[in-house]
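Report on the structure given below.
The values are calculated or read from the model by the stated rules, or taken from the named source; none is laboratory data. Just so we're clear, the structure is a prediction, and the values are computed from it rather than from any experiment. Methodologically, a virtual Cβ is constructed for each residue, glycine included, from the backbone with ideal geometry; neighbour enumeration extends over all protein chains shown. Only protein heavy atoms, including side chains, enter the accessible area calculation; ligands, DNA and RNA are left aside. Shrake-Rupley method; radii C 1.70, N 1.55, O 1.52, S 1.80 Å.
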Amino acid sequence: MFKSAIFLSALALGQGFTIAPTSHITSPTSTALFLSQQSNEIESRREFFTASSAALGLMALIVAAPEEALASGGATAGKYTTIPIAKRRYYGRVQQAVHEFLAMGPAVIKGDMTNPEIQLFFDIKGVVVVPAKRKDINGSCTKKDKDCKGREIRDSRWNDMKASMYLLSNAFRINQQKAPDNLPSVRAAKAFFKEIDAMEKLVMKKPKTYDKAAIGHYAAAVEILDTYLDLVELPPPDSGHYDKEFDTLVGKSSRIT
């Protein structure tokens, strides 16, 4: 269709350049009439060039960026969606966090918040979030102290769970105009955070051998987690999917691992 439009525009431009054959002018009246006709033709050509240039420019923009135009309807429109990217980045981390969160369930039900498995989940040095990376150049360490091992970054599984859950939920939007806090997935994530933050305070400050309040927060969080996982297109907690461990590195695929 674009080629046809170009062809028609070129054809029209060619006709716009057509100059009527002149005849021998023999009188002042005919001279004035001729000049008036020429003036009108020049003015018409200018108007035609202006309109044609605008039309051709618009068509060129449409042809140059057809996919961007198709993707302007929000995060789920066209192929420029943020959801596959978010899945590759955060699915592994979220799934591993859910695995560990559910794994400490039996210990939580017993009510003993001093259990090592529960304590490890909230330990700010319990998990390697970013592995150490060597800093040598072409296999040679150029640092003065000869220490090119790098430093790993550690945090609690709970803190990493909060970060990855929020970032993943923020990608599930139907239009870019909607504020993140209005997204159902973000609201579910924040409701989950509220329950486990309250549980963390009970566990880390003065852990009890039987804490009914902590059990209540955990049970409420499991219900909310079920809603959240559905909103971010992950299996429910009772599916058996989280019985295994997951790779937390950025994945090459947005599929569930």
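Loop-resident chymotrypsin sites (Phe, Trp or Tyr not before Pro) (DSSP state other than H, G, I, E or B) in the range 209-244 with no more than 11 further Cβ atoms inside 10 Å of their Cβ: Y210. Across the protein chains, with a 1.4 Å probe defining accessible surface, the residues L102, L249 rank L249, L102 from largest area downward. Taking every protein chain into account, the 1.4 Å probe leaves L229 with about 0 Å² of accessible area, to the nearest ten.
For K244, K135, the ranking by accessible surface with the largest value first comes to K135, K244, using a 1.4 Å probe.
Each residue was assigned an accessible area with a 1.4 Å probe, and for R173 the value is about 30 Å². Find how much the distance from E245 to R154 grows on full extension, using 0.36 nm per residue of separation minus their present alpha carbon separation; answer in nm with one decimal. Result: 30.9 nm gained on full extension.
Which of K133/K162; K162/K244; K162/K206; K135/K205 have a Cα-Cα distance over 32 Å? Pairs exceeding the cut-off: K135/K205.
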